[in-house]
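J.: Please see the structure below; I have some questions.
The values are calculated or read from the model by the stated rules, or taken from the named source; none is laboratory data. For clarity, every value in this text was computed on a predicted model and none was experimentally measured. Glycine gets a Cβ as well: all are built from the backbone with ideal geometry, and neighbour counts include every protein chain shown.
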Amino acid sequence: MQEARRWIDRQVCEARSVAPPRSRVRERLLRCGANSLSDAELLSVLVRVALTTEPAMEVGQRIANQFSLHWRELADATLGELRDIAPAMTRSSYTQIMAGIELGRRIALADRPYESVEGITSTDQAIEFCRQAFRRLAFDGVQEEFHLVTLDTKHKPIGTHQVTVGTLDAALVHPREVFRPAIRHAAAAVLLVHNHPSGDPKPSREDQLVTQQLTEAGKLLGIQVLDHIVVARSGCVSVRELAS
């Protein structure tokens, strides 16, 4: 392990002589885009604070060398672990790196390729889709959020849309607001989705009432409500399946 660490340190020292100043890295990012930067340069931008003992570029290079073959592990690294790799790592730099990783994760989830998802034709498929597409909501949601999944004529997902934030109530989830994205995207059907921050996915009486209300509204609009899925830390359930 120590031999490997010494090898990494040698690579860092060699890189230091050719590494561009962080200000030059920022200028290149603005001029050419973030995709023009190396892993170490991107990390140096997140590190931000250049210390006299170890410049930001060197910190970025050390971390990049350590995690280049398994980037996913960086998301789980503690401040102490990163300080073992780069002693000049500050609390501020650590929080900025973690925030950058989390933002990237959320963007990736929000921009998932719906085109690759097969048509949703069963309760199990609806639950599995929502388990993946709304994972953040299930585990990190601190308030109830109501979302809509729009579907085409083959029941393939078109996109997801947040409708309301707050306690689910039939008086607050108005059909006009719920079906607006579906009408705009010419959806043939929809999935209703909301989370239970408590972690228990068991539908309430209010959940069932909202499902019935929106199903009837969908019939008038010619838009089928396939199901209503409740997502939570302990699992996902179908309101419609439990009601039948």
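J.: Conditions: (1) in contact (Cβ under 8 Å) with a residue 24 or more places away in the chain; (2) touching a helix residue (DSSP H, G or I) at 6+ places or on another chain (Cβ under 7 Å). Arg131 meets all but one. Number of the miss?
T.: (2)
J.: Got a number for residues in segment 216-243 being of a type in the set (S, T, N, Q) and out of contact with any strand residue (DSSP E or B) (no Cβ under 9 Å at 6 or more places or on another chain)?
T.: We begin by selecting, within segment 216-243, every residue of a type in the set (S, T, N, Q); these are 224, 234, 238.
Now restrict to residues that are out of contact with any strand residue (DSSP E or B) (no Cβ under 9 Å at 6 or more places or on another chain): 234.
Of the residues in that region, 1 qualify.
J.: Taking segment 1-20 as the region of interest, how many residues are within 21 Å of Ser93 (Cα to Cα) and at pLDDT 55 or above?
T.: 0
J.: Regarding Ala64, is this residue surrounded by 14 or more Cβ atoms within 10 Å (Cβ to Cβ), at pLDDT 90 or above and not acidic (Asp, Glu)?
T.: Yes; evaluated as a whole, the condition is true for this residue.
J.: Still on this model: Could you list all residues from segment 184-220 that are part of a helix (DSSP H, G or I), in contact with a helix residue (DSSP H, G or I) (Cβ under 9 Å, 6 or more places away or on another chain) and under 19 Å from Glu241 (Cβ atoms)?
T.: Selection gives Asp207, Gln208, Val210, Thr211, Gln212, Gln213, Leu214, Thr215, Glu216, Gly218.
J.: Here's a follow-up. Could you identify the single residue in Glu73, Glu118, Glu102 that is modelled with pLDDT under 90, acidic (Asp, Glu) and surrounded by 13 or more Cβ atoms within 10 Å (Cβ to Cβ)? Walk me through how you get there before you give the answer.
T.: On the way: Glu73 fails: surrounded by 13 or more Cβ atoms within 10 Å (Cβ to Cβ); Glu118 fails: surrounded by 13 or more Cβ atoms within 10 Å (Cβ to Cβ).
None of the other options fit; the residue is Glu102.
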